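These notes concern the structure reproduced below.
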Amino acid sequence: MKGSTSSNCLLLLLIVCFSTSFNLRCARAADPTDGFTLVPLSDGNFVLQKPYNLPLADRYSDASGVRKFWVYTNDKPFQSGSGTRPRTEVRIKGLDYSSGIWQFEGYAYVPKGTSGVTIMQIHGASEGATTLQLRIYDGDMKYYKFDVVATDLYDKWFRLNVIHDVDEGKITVFINGVKKYAVNDQGPGDLYFKCGVYAAPENSSKYMESRWKNIKIYKK
């Protein structure tokens, strides 16, 4: 009887160990960067855009690995004569793409009060200027001004991953490693990633800010 009990305990322990190991492997396999290759980035890949009449330091800082972007709703556009809304953004330059599978990753922080602002976008499309805009409205992230992607993002660091499968015409958004949204893209074009703060076409807060760290680009 004792031998049978010991065998049952041992069997139960083996099942628990196997299940735990399997679950850990599954959780690891779910990371959005699995199967992708990291693309090296240098300072030259980060091109800043800001109100044309102001020094960069008035709207951007980079300290201890954290890039801070801010802009006011009545600021000038990024170049004289432009009809676009004010922005302070970084464009990932030198990695424009028109095919394949590409991924943006970064850790973002949006302080409470920042609203009506695009914090990340994929520029380029067959029609229109962008194929993706991720905006913050009252702490929630939306696809442009439409579908809600994630909620309650104020005053916390969150990991953002955006996968663009150009050949399939699909975009997938992950927050903290969890798939949150998938959508068709806006067609082919000269595509590139941007992040920072870009005042949405309407209803922007007076002051807009986002912070970013560990920005990476991957591809398949």
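Only the coordinates and a few stated rules stand behind these numbers; no lab work does. All values reported here derive from a predicted model rather than from experimental measurement. Methodologically, a virtual Cβ is constructed for each residue, glycine included, from the backbone with ideal geometry; neighbour enumeration extends over all protein chains shown.
Using the Karplus curve 6.51 cos²θ - 1.76 cosθ + 1.60 with θ = phi - 60°, what ³J(HN,Hα) values do you get for each residue of region 184-191, in whole Hz, with x for Gly and Pro?
Ordered by residue, 3J(HN,Hα) equals 6, 7, 9, x, x, x, 7, 9 Hz.
Calculate the tail of P(r) for the chain: the fraction of all Cα-Cα distances greater than 30 Å, expressed in %.
Of the Cα pairs, 29 percent sit more than 30 Å apart.
Place a point 7 Å from Cα of Asn53 in the direction of its Cβ. Which residues in region 80-112 have their backbone N less than 16 Å from it?
80-87
How do Asp43, Asp155, Asp62 rank when sorted from fewest to most other Cβ atoms within 10 Å of their own Cβ?
Least crowded to most crowded, the residues run Asp43, Asp155, Asp62.
Evaluate E = 1/(1 + (r/R0)^6) for Ser98 and Asp43, where r is the Cβ-Cβ distance and R0 equals 25 Å; express this FRET efficiency to the nearest 0.05.
0.50
Filter the cross-link list Lys50/Lys170; Lys68/Lys179; Lys68/Lys156; Lys194/Lys216; Lys142/Lys179 down to pairs whose alpha-carbon distance in this structure exceeds 21 Å.
Listed pairs above 21 Å: Lys50/Lys170; Lys68/Lys179.
In degrees from 0 to 90, rounded to the nearest 10, what is the angle of the helix 2-29 Cα long axis to the longest principal axis of the chain?
That helix lies at roughly 20 degrees to the long axis.
Let's see if you can work this out: charge +1 on each Lys and Arg Cβ, -1 on each Asp and Glu Cβ, no other charges. What is the dipole magnitude of region 37-219 about its Cα centre, in debye to the nearest 20?
Magnitude of the dipole: close to 480 debye.
If the only charges are +1 at each Lys and Arg Cβ and -1 at each Asp and Glu Cβ, what is the size of the charge dipole of region 160-220 around the Cα centre, to the nearest 20 debye?
Dipole of region 160-220, to the nearest 20 debye: 400 debye.
May I ask you to derive the relative contact order of the chain, considering only C-alpha pairs under 8 Å and at least 6 residues apart, and to give it as an integer percent?
28
Given Leu41, Tyr181, Phe146, which one lies farthest toward the positive end of the charge dipole of the chain, if we put +1 on the Cβ of every Lys and Arg and -1 on the Cβ of every Asp and Glu?
Farthest towards the positive pole: Leu41.
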